[in-house]
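The values are calculated or read from the model by the stated rules, or taken from the named source; none is laboratory data. This is a predicted model, so every value here is computed, not measured. Glycine also receives a Cβ, built like all others from the backbone with ideal geometry; neighbour counts cover every protein chain displayed. The area values use the complete protein model at the heavy-atom level, side chains included, leaving out ligands, DNA and RNA. Shrake-Rupley method; radii C 1.70, N 1.55, O 1.52, S 1.80 Å.
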Amino acid sequence: MVSQATRAPERMFARRISNALREAAAGLGAPDAGVRLDRPKDPAHGDLASNLALTLASRLRRRPRDIALDLRERLDGIEGVERIEVAGPGFLNFFLDSATVGGTLRRILATRGGYGGSRDGGGRRIMVEFVSANPTGPLHLGHGRQAALGDVIARLLEWSGWRVHREFYFNDAGRQILRLAESVRARYQQLLGHDEPIPDGGYHGEYVREIAGAFLECEGRRYEQERGEAALEAMRGFAVNELRKEQERDLAEFRVEFDEYYPESSLHSDGRVAETVRALDETGLTYHRDGAHWLQTTRFGDQKDRVMVRSDGSATYFLPDVAYHMSKWERGFHEVVNVQGSDHHGTVDRVRAGLQALGRPAGYPEYVLHQMVTVERGGEEVRFSKRAGSYTTLAELVAEVGADVARYFFLMRRPEAHLVFDLDLALDQSDKNPVYKIKYAHARLCRLSRLARRRGWDGMEGPDAPEADASLLAAPAERELINRLGEFPGFLRRAARGRAPHVVCDYLERTAGLVNSWYQAGHPTRSPELAALVEGDEPLRNARLTLAVAARTVLANGLAVLGIEAPQRMVRSE
RNA sequence: GUCCCCGUAGCUCAGAUGGAUAGAGCGACUGCCUCCUAAGCAGUAGGCCCCAGGUUCGAGUCCUGGCGGGGACACCA
């Protein structure tokens, strides 16, 4: 729980106003009215607004506007409220006095790097599983989006008081891996001058040749005549290892790290898969038909029953998936978010059904399914990889636009919306590019504090900074910015609960716009009286510098949530 | 055929629990630098919120049915 001193002032007032409204409604003959307060979009509609009169209209059989006027009569002298207006069809708009609004600044300055966080999670554990690419090639753009989404959902959860475990699951045992090994063998033989084609369904990317080359360098020609299991196994292990290392390197460049890499093969070797079959058989929900071993997943809402073990004795993907999620549960993760491409959506119902058969709750695990990514340059779709065949790799993209821009662009759209990555915009270093817009706003605010100190004025930072009189910040641009800063924790909470990083992007972009407006409004030539570094009026200057520090804190915290750097100063690069 | 997602400005997209004249960026146009970074700001133009019903005092938002786009539906991997 947040302490009384740092609680959002508007929330305290919201409760006070709600109570007064409820009482007033009772006075009009409508006890137990559901009272709601909103923060209006338009600042002309006050700091808080209520639609109570509109909701009471049908119940009281009176015109909403008349009810609103009556309600206002009954609401006098609420502490901290400057005035109440009746507007539009019957809204009640509350204007808080400026000393009250200033409480927001005190709260930001008091919590600084922690401002925006909450205790939603209460210290409970939660797992975010994401990327989970098969080690059959380099990471492509879909993985990039997933890496950014998963990492930032994890950060949002950390900010919300959860203990987060980041996990990467990889299939190192299936048929795809066999094709990979065979492809490496073909390239290996080709390098030795033999004519061996890539098998059907194999991998043609240039990277396979590179792996074969590296293998040749390590092992020499000893597998030239060897056609059996041992050679294939050696190449499989080598290739998986190489590709995993490369993926980890690419992810590190992208500033994404995992607590655990979980190999599918271990589910077989440690008996979990067999154990899962046994446990499912015990439920009586399995049966044999056409030589295969089935589970009645339809009992739990799946569209059709699923095969667990094929007639040839091999497990389908479904089975290890269930075993894997049982492992998550048994490791203590009763809250799990899986971030996956929407092409996996077909597996959701059946995995959950399998887990329900084993007694896990119906919604376990939770899924965030994201749509595909395409890249455009000059309005045309581009595919730019010689190396990876038809793929566009994450590494190439990060090399071109940088990790910060790539992260932001992957995050700025709702996961379930198709994402068009505009390379022209990504490479732009002006404020057109939202990432730069936010960074510039932050750097600009840092500069204000620097300049103030250089002139011998206090930058309003540190424990010895004088208390600012926020009631002096009455200009519209200031008032709007302060209110906006006060909304940050609410946005983070909403983003975390909705697993929706784009909410943070939207918030930051708009807030940066307000910062720029405020900054520009105080242009020293045209409006010196609005300038932050105002001469001669120390209390006013201190108040504005405090606002600058508060705004910068919010931008920095928001960027930290996104895993993006917040520079003190910007250097133009080519 | 069944299931999931999407349909909002010329383009790319936001629009939490239904609320006031539907927002942002890009693109277009008009202004604003002797002075804290103009890498900026202020403003103008641009909308049958896919269509049709329904619920409601009130629908871009909720319900039903269409239309259009993407994805998923195999003992495939």
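Note on segment A:399-421: among residues that are open to solvent by 60 Å² or more (accessible area, probe 1.4 Å) and not basic (K, R), the one that is farthest from A:H140 (Cα to Cα) is A:E416. Which of the residues that make up segment A:294-307 are within 9 Å of RNA strand B (Cβ to nearest atom) and within 22 Å of A:A173 (Cβ to Cβ)? Matches in segment A:294-307: A:R306, A:V307.
What is the number of the single condition among (1) at pLDDT below 80; (2) open to solvent by less than 30 Å² (accessible area, probe 1.4 Å); (3) more than 23 Å from A:R450 (Cβ to Cβ); (4) not aromatic (F, W, Y) that A:A468 does not meet? Only one criterion in (1) at pLDDT below 80; (2) open to solvent by less than 30 Å² (accessible area, probe 1.4 Å); (3) more than 23 Å from A:R450 (Cβ to Cβ); (4) not aromatic (F, W, Y) is unmet by A:A468, namely (3). For A:A315, the test of being within 14 Å of RNA strand B (Cβ to nearest atom) and among the aliphatic types (A, V, I, L, M) is passed. Remark: pairs (first residue in segment A:529-548, in contact (Cβ under 8 Å) with a residue 40 or more places away in the chain; second residue assigned to a loop (DSSP other than H, G, I, E, B) and among the acidic types (D, E); Cβ separation under 6 Å; 6+ apart in sequence or on different chains) = A:P539/A:D469; A:A543/A:D469. Counting only helices (runs of 4 or more DSSP H) wholly contained in segment A:466-574, the ones carrying 1 or more residues that are among the aliphatic types (A, V, I, L, M) and more than 28 Å from the chain's Cα centre (by Cα) occupy A:476-486, A:502-521, A:538-562.
Is it the case that A:D343 is acidic (D, E), out of contact with any Phe, Trp or Tyr (no Cβ under 6 Å at 6 or more places or on another chain) and open to solvent by less than 30 Å² (accessible area, probe 1.4 Å)? No, not satisfied. A:C446 passes every criterion in (1) at pLDDT below 85; (2) hydrophobic (A, V, I, L, M, F, W, C); (3) assigned to a helix (DSSP H, G or I); (4) out of contact with any Leu (no Cβ under 9 Å at 6 or more places or on another chain) apart from (1). Taking segment A:219-240 as the range and being free of Cβ contacts under 8 Å to residues at least 60 places away in the same chain and within 20 Å of A:T136 (Cα to Cα) as the test, the residues that pass are A:E229, A:A230, A:A231, A:L232, A:E233, A:A234, A:M235, A:R236, A:G237, A:F238. Exactly one residue among A:Y324, A:Y367, A:Y317 is aromatic (F, W, Y), within 16 Å of A:E167 (Cα to Cα) and more than 23 Å from the chain's Cα centre (by Cα), and that residue is A:Y324. Could you please let me know if A:N171 is touching an Asp or Glu at 6+ places or on another chain (Cβ under 6 Å), more than 30 Å from A:G46 (Cβ to Cβ), polar (S, T, N, Q) and open to solvent by less than 10 Å² (accessible area, probe 1.4 Å)? Criteria met by A:N171.
Restricting attention to segment A:198-218, the residues that are surrounded by fewer than 18 Cβ atoms within 10 Å (Cβ to Cβ) and either basic (K, R) or not in a helix (DSSP H, G or I) (or both) total 5. Among the residues of this structure, A:R221 does not count as one that is farther than 25 Å from A:S314 by Cβ, in a helix (DSSP H, G or I), of a type in the set (D, E, K, R) and not assigned by TED's automatic domain parsing to the domain that holds A:P138. The set of residues in segment A:473-500 being open to solvent by less than 20 Å² (accessible area, probe 1.4 Å) and under 15 Å from A:L555 (Cα atoms) consists of A:L481, A:I482, A:L485, A:G486, A:F488, A:P489, A:L492.
Please determine, by comparing only the residues of segment A:528-552 that are among the β-branched types (V, I, T) and open to solvent by 10 Å² or more (accessible area, probe 1.4 Å), which one is modelled with the lowest pLDDT. Top of the filtered list is A:V534.
Note on segment A:132-160: residues that are open to solvent by 20 Å² or more (accessible area, probe 1.4 Å), within 20 Å of A:L559 (Cα to Cα) and either out of contact with any strand residue (DSSP E or B) (no Cβ under 7 Å at 6 or more places or on another chain) or not in a helix (DSSP H, G or I) (or both) amount to 2. Take the conditions part of a helix (DSSP H, G or I) and in contact (Cβ under 8 Å) with a residue 24 or more places away in the chain and apply them to A:A173. Does it pass? Answer is no for this residue.
Each row is one residue, and each column tells you yes or no for (1) within 25 Å of A:G205 (Cβ to Cβ); (2) part of a helix (DSSP H, G or I); (3) more than 7 Å from RNA strand B (Cβ to nearest atom); (4) in contact (Cβ under 8 Å) with a residue 24 or more places away in the chain.
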{"site": "A:L397", "(1), (2), (3), (4)": "yes, yes, yes, yes"}
{"site": "A:E400", "(1), (2), (3), (4)": "yes, yes, yes, yes"}
{"site": "A:A406", "(1), (2), (3), (4)": "yes, yes, yes, yes"}
{"site": "A:R413", "(1), (2), (3), (4)": "no, no, no, yes"}
{"site": "A:A417", "(1), (2), (3), (4)": "no, no, no, yes"}
{"site": "A:F421", "(1), (2), (3), (4)": "yes, no, yes, yes"}
{"site": "A:L425", "(1), (2), (3), (4)": "no, yes, no, no"}
{"site": "A:D431", "(1), (2), (3), (4)": "no, no, no, yes"}
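The residues of segment A:262-279 that are open to solvent by less than 30 Å² (accessible area, probe 1.4 Å) and within 16 Å of RNA strand B (Cβ to nearest atom), listed by number, are A:E264, A:L267, A:V273, A:V277.
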